[in-house]
Amino acid sequence: MKKWIVIGILALIALISYFSITGMYNGMVTKQEAVTTQWAQVETAYQRRADLIPNLVATVKGYAEFEKSTLTDVVNARAKATSVNISPEKLDEASLQKFQQAQNGLSSAIGRLMVVVEKYPELKANQNFLELQAQLEGTENRISTERRKFNETAQDYNVYIRKFPKSIFAGWFGFTTKAYFKADAGAEKAPKVVF
């Protein structure tokens, strides 16, 4: 009789352990998939921006023939930004930094292009350009929103897999923390405005 009680208790412990570990594993998978999905949203927002660039460059090109180097810089920065792809499984600090540097290069080139546009009042009044500029501004807002959501989703996942006892099982099952988007270097300083 004692033997069956011990076997019953061991079987109960085994079942509880099995369901507990299965629940933790499935929770990690769910949260990892949420990070992957949010990363796809970030990439979609950046792709939207990249898709707007050729139309913007073509519109500016018609008015600003003497600014070829600026237009070339934008096209080259776009090519570099779209060539950097990161697999959702490899969202580590180095990969995310490389991705962010390429995107920052494109942002900088677009910024220089917008400064050049100021020299051409006819271009600033062109309806196509105004529409493209508005779409680009909206896209920049989307990028910011998606990056924020990505950081929140990555934080939720990272906290989940780092809590004890999940951290033990996360290591066993190969779940690793995801990197975050960070502010650009120097972003903490307010820009100087000179009148």
Open item on the list: Every residue in segment 1-51 that is among the charged types (D, E, K, R) and either within 29 Å of A79 (Cα to Cα) or outside any helix (DSSP H, G or I) (or both), please.
Closed with: E33, E43, R48, R49, D51
Open item on the list: Looking only at residues that are of a type in the set (D, E) and surrounded by 12 or more Cβ atoms within 10 Å (Cβ to Cβ) in segment 32-85, which one is nearest to the chain's Cα centre (by Cα)?
Closed with: E43
TODO: Count, please, the residues in segment 52-92 that happen to be among the small types (G, A, S), closer than 29 Å to K178 by Cα and outside any helix (DSSP H, G or I).
DONE: 1
- [ ] Only residues in segment 24-45 that are closer than 13 Å to A154 by Cβ and of a type in the set (G, A, S) count as the first member; pair them with residues that are in a helix (DSSP H, G or I) and modelled with pLDDT of 95 or more, Cβ under 6 angstrom, at least 6 apart or cross-chain, and list the lot.
- [x] A34/T153
TODO: Among residues belonging to segment 143-184 that are closer than 30 Å to L52 by Cα and of a type in the set (A, V, I, L, M, F, W, C), point out the one that is surrounded by the most Cβ atoms within 10 Å (Cβ to Cβ).
DONE: F150
Task: Among the candidates A125, A134, residue that is of a type in the set (A, V, I, L, M) and more than 14 Å from N55 (Cβ to Cβ) - done: A125
TODO: Hey, can you tell me all the residues within segment 115-137 that are surrounded by fewer than 13 Cβ atoms within 10 Å (Cβ to Cβ) and at pLDDT 85 or above?
DONE: E131, A134, E137
Open item on the list: Looking for something part of a helix (DSSP H, G or I), closer than 21 Å to A79 by Cα and of a type outside the set (F, W, Y) - is there at least one such residue anywhere in segment 119-131?
Closed with: no
TODO: Take the residues in segment 140-195 that are over 15 Å from the mean Cα position of the chain (by Cα), part of a loop (DSSP other than H, G, I, E, B) and among the basic types (K, R), then tell me which one is modelled with the lowest pLDDT.
DONE: K192
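The values are calculated or read from the model by the stated rules, or taken from the named source; none is laboratory data. Every value quoted in this text rests on a predicted model; they were computed, and no experiment measured them. All Cβ positions, even for glycine, are placed from backbone atoms using ideal geometry, and neighbour counts span all protein chains on display.
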